[in-house]
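The values are calculated or read from the model by the stated rules, or taken from the named source; none is laboratory data. None of these values were measured; they are calculated from a predicted model. Every residue, glycine as well, gets a Cβ built from its backbone with ideal geometry; the counts of neighbours run over all protein chains shown. Only protein heavy atoms, including side chains, enter the accessible area calculation; ligands, DNA and RNA are left aside. Shrake-Rupley method; radii C 1.70, N 1.55, O 1.52, S 1.80 Å.
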Amino acid sequence: EEQLKSATAEITRLNPRPGNTWVGTVYDRNQSIVIPDFIVEQENDELIISLNQGDIPPLHVSQDYNQMLETYSNTEKQSAADKEAARFVKNKIDAANWFIDAIRQRNETLMQTMKAIVAYQREFFLQGDSSYLKPMVLKDIADKVGLDQSTISRVCSNKYVQTQYGIFSLKHFFTEAIQTSDGGEISNLEIKEKLREIIDQEDKRHPITDDEL
C-alpha cells in the first residue's frame, strides 16, 4: 500500500503530455519545419537547379477515363443517359487537364525565376558568402523573366532554396543598393555583415558608439 501511494504521488506530478513542451503548439512545430522548394547543386563551376518535388509523381489522366469517354461517344445509338455520361466524363477530363497544365505553368514560372536569381547572384551560390550578394530588387528579376513584379513577389513569397551552404529564403537574395562615396553600389546586406563583424570583434567593456559604427 505504501508503494502504491508513493507511485501514485509520483505519477500525479508528471506531465501527461510531455511532447507539448518540445517547442510549442502543433501549429508552431509545423511552422518551424522548412521544406525547400528548390535545390541548387554545384558541379565544378556549373550550378544545377531543380524543383524539390519530393515523392510527388507526375500528374496525368488515367487512360481508363479516356477509354470510357470513347465508349460513350462512339455508341451507335446513344441514349440520353449515354450522352449525359459522355458530357460528364469529358468535363472531368477537361478539368483535370486544365489543372495539370496550370501546375506545369506554375513550375515553369518557378524555375524561370530561380534560374534568374541564381544567374544574378552566381558568386554567392559559388562562394556561400553574403558579401558576394549584389544589389537586386524585384524589377531586376521581373525584367529578366519577362513577368510582372507582383508575379515575382508572389513566386518568391515563402519559398526556400537548399544550397550546399544551407537553406535560404528567396527573399534573402533581394537587397537594396546603397551608393558608396566613390559612386559605386553595394548591397545593404553587405553593410550589415560588416557591422556584425565589427561588433563581434569590439571590446565589450568599451563598445563602439553608434557614430563610430
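Among (1) open to solvent by 60 Å² or more (accessible area, probe 1.4 Å); (2) modelled with pLDDT of 90 or more, where does ASN74 come up short?
Only one criterion in (1) open to solvent by 60 Å² or more (accessible area, probe 1.4 Å); (2) modelled with pLDDT of 90 or more is unmet by ASN74, namely (2).
Taking the stretch 164-185 only, how many residues are over 26 Å from the mean Cα position of the chain (by Cα) and either on the phi > 0 side of the Ramachandran plot or open to solvent by 50 Å² or more (accessible area, probe 1.4 Å) (or both)? Walk me through how you get there before you give the answer.
Taking the stretch 164-185 and keeping what is over 26 Å from the mean Cα position of the chain (by Cα), we get 178-185.
Now drop any that are not either on the phi > 0 side of the Ramachandran plot or open to solvent by 50 Å² or more (accessible area, probe 1.4 Å) (or both), which leaves 178-179, 181-183, 185.
Residues in the stretch 164-185 being over 26 Å from the mean Cα position of the chain (by Cα) and either on the phi > 0 side of the Ramachandran plot or open to solvent by 50 Å² or more (accessible area, probe 1.4 Å) (or both): 6 in total.
What is the one condition in (1) open to solvent by less than 90 Å² (accessible area, probe 1.4 Å); (2) out of contact with any strand residue (DSSP E or B) (no Cβ under 6 Å at 6 or more places or on another chain) that ARG106 does not satisfy?
Only one criterion is unmet by ARG106, namely (1).
Filter the stretch 163-213 down to residues that are assigned to a loop (DSSP other than H, G, I, E, B) and in contact with a strand residue (DSSP E or B) (Cβ under 9 Å, 6 or more places away or on another chain) and give me whichever is modelled with the lowest pLDDT.
By that ranking, first place goes to THR180.
Is there any pair linking a residue in the stretch 142-153 that is small (Gly, Ala, Ser) to one that is part of a helix (DSSP H, G or I), with Cβ under 6 Å and at least six apart or on different chains, and which?
ALA142/GLN149; ALA142/ILE152; SER153/LEU138
Taking the condition of being open to solvent by 100 Å² or more (accessible area, probe 1.4 Å) and modelled with pLDDT of 80 or more, how many residues in the stretch 48-63 meet it? Let's see the steps before the verdict.
Quick first cut of the stretch 48-63, residues open to solvent by 100 Å² or more (accessible area, probe 1.4 Å) only: 55-56, 58, 60, 63.
Now narrow it down to the ones that are modelled with pLDDT of 80 or more: 58, 60, 63.
The qualifying residues number 3.
Looking at THR180, THR163, THR209, can you tell me which residue is hydroxyl-bearing (Ser, Thr, Tyr) and touching a residue at least 40 places away in the same chain (Cβ under 8 Å)?
None of the others qualify; the one that does is THR163.
Name the pairs whose Cβ atoms lie under 6 Å apart, with the first residue in the stretch 30-43 and at negative phi, the second part of a loop (DSSP other than H, G, I, E, B) and at pLDDT 80 or above, and 6 or more positions between them or separate chains?
What qualifies is PRO36/ASN52; ASP37/ASN52; ASP37/LYS159; ILE39/ASN52.
Could you please find all residues in the stretch 193-208 being open to solvent by less than 70 Å² (accessible area, probe 1.4 Å), over 29 Å from PHE173 (Cβ atoms) and not acidic (Asp, Glu)?
ILE208
Under the condition of being within 12 Å of GLN162 (Cβ to Cβ) and open to solvent by 100 Å² or more (accessible area, probe 1.4 Å), which residue from the stretch 17-47 is modelled with the highest pLDDT?
Filtering first and then ranking leaves GLU41.
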